[in-house]
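The values are calculated or read from the model by the stated rules, or taken from the named source; none is laboratory data. In this text, all values refer to a predicted model and were calculated from it rather than measured experimentally. Cβ placement follows ideal geometry from the backbone for every residue including glycine, while neighbour counts extend to all protein chains displayed.
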Amino acid sequence: MRNKLLIITSSLVLLSLVGLITIQVIWLKQSWAISEEQYDDRVDRMLDNVVDELIEYADTVHKGKNKVIFDVLDTALLEELMYKYIDYHNIDTPFYHAIVKTKNKELIYKSEGYDIKLHPKSYKSCLSCIWKKEYMHISVFFPGKKKEIIKGVSSYALLSVLFIILVSLAFVYMVFGVFRQKKISQLKNDFINNMTHEFKTPISTISIANDILKNNMEQLKPSIVNKYLTIIQDENLRMQNQVELVLQIACIEKGQLQLNKEEVEIHELIRRTVDKFVLNTMEKKVKVKYDFEAENKVARVEILHMQNVIRNLIDNAIKYSGQDVFIEVATNDVENGIVIQVKDKGIGIKKEDMDKIFDKFHRIGSGDIHNVKGFGLGLYYVKNILSLHGGKVWVDSNLNKGSTFSVYIPT
Ligand code: ADP
């Protein structure tokens, strides 16, 4: 229902935008046509004035006798009149003009720059009233006409384009915002579903182990009692770790995480953390190879959080591999720091997912998939802890071949 409303609202806004743009285009076209009409009108009036003065001149000088055009038409005078009336009618452009025989387009006179090819686009005014034997006309071309019209409409056009761009950007921003919110809300739902599912298993395991112990305390051998107590302890620890992760992320986001950094030998920290973690992993056969090459191996870190970072990467390498897990942990020197790499031969990650996996709650193929457990918070935590240490994390991966997570820590 909400999706439908969103689609309807977006469609309406989009439709309004298209309508607005269409109206603006029509309006601009009309403005252009009006400006062109006004320009044409001014030029026509200018030519009428010029021809009127020429008639007057011809009448006073030749008293209406038929003469060859150059007897009546002084080209310097024509030019002078043109300038006079162009100025009078406010036509602020250069111009080329000519006297042309109407019948065969023969040029009788042309000013510098006039080309007969311009003739079809020129303004014309008939001169037959001066030279009655043959039809002739003045032809004037204004090369800057378009520029002048553009100048007239450009300020409105620019403003319209600007407002349309602003409205479009606001619309795109709004749609992206809504979709982002929807995605976050979807991810939060996935997280809540995941969390409920993740807690249901340990809670029922603890409950069953507790019932067995309570009802059969006298009959059970101490070794069996111990086994059930260990189960309760492990499941409890698992839940504790998960809650701790969520709380720590909340702390990071509020900027309240205090780091107690101390100088640590990184190789030793890795070996201790990984060995302990692998020893506690019962469900899969895990093999770890160390390839420590870094010589610059002492860094100032908060031990607890750095252990969590390594544990998260190893946990993922195990979770996202098959039954037989092979992990290589390597270190190398880089400028001002050390790079730790955790390589696995697991399921790998698609190129388009590589950046997203560090986002909060992001799980590849998320939703109700519970075959691999997780909240989509591990790598988000890793990224944030490293950034608090001035370091960073990135991944290289080939789908179905394996992944390499690299961590840089300044030393
Ligand atoms: P999760 O709790 O889901 O493991 P993470 O933040 O640790 O959360 O990882 C985010 C997602 O990145 C995982 O859901 C998984 O799809 C992918 N991922 C992480 N590590 C690996 C890995 N080593 N191999 C393949 N995919 C991985």
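So in segment 343-357, with the set limited to residues that are in a helix (DSSP H, G or I) and more than 10 Å from the ligand (Cβ to nearest atom), which one is nearest to Val395 (Cα to Cα)?
Among those that are in a helix (DSSP H, G or I) and more than 10 Å from the ligand (Cβ to nearest atom), it is Lys351.
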Among residues belonging to segment 326-342 that are buried (at least 20 other Cβ atoms within 10 Å of the Cβ) and closer than 16 Å to Ser397 by Cβ, point out the one that is nearest to the ligand (Cβ to nearest atom).
Val342
Please give the number of the condition Gln38 fails out of (1) surrounded by 13 or more Cβ atoms within 10 Å (Cβ to Cβ); (2) modelled with pLDDT of 90 or more.
(1)
Total residues in segment 300-337, condition part of a helix (DSSP H, G or I) and touching a Gly at 6+ places or on another chain (Cβ under 6 Å)
1
Restricting to segment 195-217, count the residues that are part of a helix (DSSP H, G or I) and over 30 Å from Arg363 (Cβ atoms).
7
Hey, could you check segment 286-318 for residues that are within 13 Å of the ligand (Cβ to nearest atom) and out of contact with any helix residue (DSSP H, G or I) (no Cβ under 6 Å at 6 or more places or on another chain) and say which is farthest from Leu388 (Cα to Cα)?
Ile318
Residues being more than 10 Å from the ligand (Cβ to nearest atom) and either assigned to a strand (DSSP E or B) or at pLDDT 90 or above (or both): count how many of those fall in segment 358-399.
13
Could you grab the pairs with beta carbons closer than 9 Å, sequence gap of 6+ or different chains, first residue in segment 157-172 and under 14 Å from Val25 (Cβ atoms), second one among the polar types (S, T, N, Q)?
Ala157/Gln24; Ala157/Ser31; Ser160/Gln24; Val161/Gln24; Phe163/Gln24; Ile164/Gln24
Would you please list the contacts, defined by Cβ atoms under 6 Å and residues six or more apart or on different chains, that run from a residue in segment 229-255 that is in contact (Cβ under 8 Å) with a residue 60 or more places away in the chain to a residue that is surrounded by 15 or more Cβ atoms within 10 Å (Cβ to Cβ) and part of a helix (DSSP H, G or I)?
Ile249/Tyr381; Ile252/Asn384
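Examine segment 64-85 for a residue that is under 20 Å from Ala33 (Cβ atoms) and either at pLDDT below 85 or touching an Asp or Glu at 6+ places or on another chain (Cβ under 9 Å) (or both), and state whether such a residue exists.
no
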Any idea which residue in segment 275-290 is surrounded by the fewest Cβ atoms within 10 Å (Cβ to Cβ), counting only those that are at pLDDT below 85 and not charged (D, E, K, R)?
Met282
Give the number of residues within segment 218-242 that are part of a helix (DSSP H, G or I) and either among the basic types (Lys, Arg) or farther than 30 Å from Tyr381 by Cα (or both).
9
